[in-house]
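Notes follow once the structure below has been shown.
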Amino acid sequence: MRDLAVLRRVRDRIDREYARPLDVEALARGAHMSAGHLSREFRLAYGESPYGYLMTRRIERAMTLLRRGDLSVTEVCFAVGCSSLGTFSTRFTELVGTPPSVYRRRAAEETAGIPPCVAKQVTRPLRKRA
């Protein structure tokens, strides 16, 4: 039970600080665990690694920013905490199924007239679990 509370705090930290530089080692230090133990326990509790969860949060936020249409893909990449446009584009395409530049162009048309809170739920990326 203690580990579950710690894992919840790690997940909450990722949700709050997704745009800051975070890595598994830093998250593990904050939870007073080894990186390996944190990764194993997090995956057992939430079905994905801490890094995978972080990237999912970043991509969700990126989708929102791209739908707004006032930022370039590069600006969105850095706004959500990614330091590499290539990694960002690869992860985005992996989770969403389309490159961020294409998503940005299509998003305005597909979500026109839909309240942002509904658009967020409808367009939420789902990581495929094996």
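Just so you know, all these numbers are worked out from the coordinates, no wet-lab data involved. Bear in mind that the values here come from a model prediction, so they are computed numbers and not experimental data. Note that we place each Cβ from the backbone using ideal geometry, even for glycine, and neighbour counts take in every protein chain shown.
Before anything else, pin down the relative contact order of the chain: Cα pairs under 8 Å, at least 6 apart, normalised by residue count, whole percent. Please list the in-between numbers first.
Numbers: 114 pairs, mean separation 28.8, N = 130.
Once normalised by length, the contact order is 22 percent.
The chain: longest stretch without exposed trypsin sites (Lys or Arg not before Pro) (DSSP loop, at most 15 other Cβ within 10 Å), sites themselves excluded? Write down the numbers at each step before the final one.
Numbers: sites that count: Arg127, Lys128, Arg129.
In the chain, the maximal stretch lacking such sites is 1-126.
Provide the per-residue ³J(HN,Hα) series for region 2-8, in order, calculated from phi with Karplus coefficients 6.51, -1.76, 1.60 and θ = phi - 60°, each as a whole number of Hz, with x at glycine and proline positions.
Taking θ as phi minus 60°, the curve returns 4, 4, 5, 5, 5, 5, 5 Hz for region 2-8.
Could I have the simple spin-label model distance between Arg2 and Ser84, label points 7 Å from Cα toward Cβ, reported in nm to one decimal?
Reported label-point gap for Arg2 and Ser84 is 3.7 nm.
Relative contact order for region 2-51: what percent, with Cα pairs under 8 Å and sequence separation of 6 or more?
Details: 34 pairs, mean separation 17.8, N = 50.
Computed over region 2-51, the figure is 36 percent.
Short version: ³J(HN,Hα) in whole Hz for each residue of region 98-105, in order, from phi by Karplus 6.51 cos²θ - 1.76 cosθ + 1.60 (θ = phi - 60°), x for Gly and Pro, what are they?
Rounded to whole hertz, the list is 8, x, x, 5, 5, 4, 4, 5.
Step through the residues of region 52-58 one at a time and calculate ³J(HN,Hα) from phi using the Karplus curve (6.51 cos²θ - 1.76 cosθ + 1.60, θ = phi - 60°), rounding each to whole Hz and writing x for Gly and Pro.
Rounded to whole hertz, the list is x, 5, 4, 5, 4, 4, 4.
According to a simple spin-label model (label point 7 Å from Cα along Cα-to-Cβ), what is the distance in nm between His32 and Ser49?
2.6 nm
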